[in-house]
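Novice: Sharing a structure here in structure tokens format.
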Amino acid sequence: MVDGLRAHDRGPPSFDGIVAEHDAYVAALRSAGLAVTVLEPLEAMPDALFVEDPALVFSEGAILLRPGAPSRQAEAAAIAPTLRGLFETVIELPQGFADGGDVLVTPERVLIGRSARTDAAGAAALVQCLARLGRQAEVVEPPAGVLHLKTACSLLDDETVLATPALARTEMFGGLRQVITPDGEDGAANALRINDGLLVSAGYPRTIDLLGSLGFTVVALDTLEIAKLDAGLSCLSLRWLEPAAD
Ligand code: CIR
């Protein structure tokens with residue numbers, strides 16, 4: 001992981017620091033009520049801990065994506081056997097490139113951000129794959145300079161999105177209520193709602209106060225080391241609701 005991709009080199013992250021952040025993240029997911037499977041490390045794929053990018057998962061099935069960074073493309077084949085063991089339906093993105101970090105799922109529709117990692121062909125093919133799972137999708141254009149769409153936004157509840165000021169200005173969120181990250185706290189926008197709790201990066205006290213004052217139960221987690229690899233809280237897991245047994 002210390003060799004992972006980064007847009008600006010702020011020095012390599014600390015290996016022990018990333019392990020500690022990952023351990024705290026897994027513990028937070030478990031205490032929020034999730035069953036967590038931790039996959040084996042892939043020594044040859046330094047960004048493989050960001051499992052959100054090579055796949056999308058829903059109760060109805062999974063979609064194997066085609067990550068846009070050349071060094072990450074093998075991650076899809078690496079995670080495929082795990083997904084096939086967990087989901088009856090696994091659809092493969094047929095062409096183009098798309099990263100899971102560019103996909104924001106809302107109850108009404110799925111937003112797919114065009115980025116340096118998700119191209120037009122991949123986004124269009126993904127719209128078709130999502131339709132096969134019964135999801136309506138729309139391709140949106142995030143402002144330049146963010147790695148992924150979800151670097152700059154996340155869903156707080158079924159009606160509310162947390163977004164950076166630049167993303168909020170694009171009006172891509174339609175009828176969703178918007179909470180905007182305070183100035184200088186764009187990095188807080190990648191929060192992660194898990195059941196009744198909201199995981200938020202610990203380095204953003206004004207966002208944490210704001211979300212607390214809005215009634216959210218905030219769990220603050222350190223992300224200093226994974227942030228050196230341009231990653232946030234959503235990147236570290238794939239999450240879905242298992243369909244209720246008959
Ligand atoms: C990358 O550049 O691909 C990784 N270093 C970070 C990926 C972060 N993933 C995400 O935002 N979903």
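Novice: Pick out the one residue from F50, F58 that is more than 11 Å from the ligand (Cβ to nearest atom), at pLDDT 95 or above and aromatic (F, W, Y). Before you say what the answer is, go through the steps one by one.
Specialist: Details: F50 fails: more than 11 Å from the ligand (Cβ to nearest atom).
Just a single option satisfies the conditions, and that option is F58.
Novice: Are there any pairs with C-beta distances below 6 angstrom linking a residue in the range 1-21 that is acidic (D, E) and assigned to a loop (DSSP other than H, G, I, E, B) to a residue that is within 12 Å of the ligand (Cβ to nearest atom) and modelled with pLDDT of 95 or more, with the two at least 6 apart or on different chains, and if so which?
Specialist: D3/P46
Quick grid of which residues meet (1) more than 30 Å from D23 (Cα to Cα); (2) not in a loop (DSSP other than H, G, I, E, B):
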| position | (1), (2) |
| --- | --- |
| A48 | no, no |
| I63 | no, yes |
| A78 | no, yes |
| L83 | no, yes |
| P94 | yes, no |
| G122 | yes, yes |
| A131 | yes, yes |
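Novice: Check off (1) touching a Gly at 6+ places or on another chain (Cβ under 8 Å); (2) at positive phi for G134 and give me the number that stays unchecked.
Specialist: All conditions are met except number (1).
Novice: Let me ask you something else. Anything in the range 61-83 that is among the small types (G, A, S) and either within 14 Å of the ligand (Cβ to nearest atom) or surrounded by fewer than 15 Cβ atoms within 10 Å (Cβ to Cβ) (or both)? List them, or say none.
Specialist: Going residue by residue through the range 61-83, those that are among the small types (G, A, S) are 61-62, 68-69, 71, 74, 76-78, 80.
Those that are among the small types (G, A, S) and either within 14 Å of the ligand (Cβ to nearest atom) or surrounded by fewer than 15 Cβ atoms within 10 Å (Cβ to Cβ) (or both): G68, A69, S71, A74, A76, A77.
Novice: Confirm whether A144 is surrounded by 16 or more Cβ atoms within 10 Å (Cβ to Cβ) and either under 16 Å from D53 (Cβ atoms) or not charged (D, E, K, R) (or both).
Specialist: Values: surrounded by 16 or more Cβ atoms within 10 Å (Cβ to Cβ): no; either under 16 Å from D53 (Cβ atoms) or not charged (D, E, K, R) (or both): yes.
Here the answer is no, as A144 does not meet what is asked.
Novice: So, in the range 4-40, of the ones that are within 13 Å of the ligand (Cβ to nearest atom) and modelled with pLDDT under 95, which residue ends up surrounded by the most Cβ atoms within 10 Å (Cβ to Cβ)? Walk me through how you get there before you give the answer.
Specialist: From the range 4-40, those within 13 Å of the ligand (Cβ to nearest atom) are 4-10, 12-13, 18; that's our starting set.
Restricting the remaining residues to those that are modelled with pLDDT under 95 gives 7-10, 12.
Details: A7: 11, H8: 6, D9: 7, R10: 10, P12: 14.
For the range 4-40, the residue satisfying everything is P12.
Novice: Could you pull out every one of the strands (runs of 3 or more DSSP E) wholly within the range 135-174 that has 3 or more residues that are in contact (Cβ under 8 Å) with a residue 12 or more places away in the chain and more than 16 Å from the ligand (Cβ to nearest atom)? So that I can check it myself, show each step before the final result.
Specialist: Details: elements: 137-140, 153-157, 160-163.
Passing ranges, in order: 137-140.
Novice: What is the number of the single condition among (1) in contact with a Lys or Arg (Cβ under 7 Å, 6 or more places away or on another chain); (2) surrounded by fewer than 18 Cβ atoms within 10 Å (Cβ to Cβ); (3) closer than 24 Å to V57 by Cα that D196 does not meet?
Specialist: Tallying (1) in contact with a Lys or Arg (Cβ under 7 Å, 6 or more places away or on another chain); (2) surrounded by fewer than 18 Cβ atoms within 10 Å (Cβ to Cβ); (3) closer than 24 Å to V57 by Cα, D196 fails exactly one: (1).
Novice: Would you mind telling me which numbered condition in (1) more than 16 Å from the ligand (Cβ to nearest atom); (2) surrounded by fewer than 20 Cβ atoms within 10 Å (Cβ to Cβ); (3) not aliphatic (A, V, I, L, M) C129 fails?
Specialist: Against the list (1) more than 16 Å from the ligand (Cβ to nearest atom); (2) surrounded by fewer than 20 Cβ atoms within 10 Å (Cβ to Cβ); (3) not aliphatic (A, V, I, L, M), C129 comes up short only on (2).
The values are calculated or read from the model by the stated rules, or taken from the named source; none is laboratory data. Only a predicted model underlies this, so the values are computations on that prediction, with no experimental measurement involved. Glycine gets a Cβ as well: all are built from the backbone with ideal geometry, and neighbour counts include every protein chain shown.
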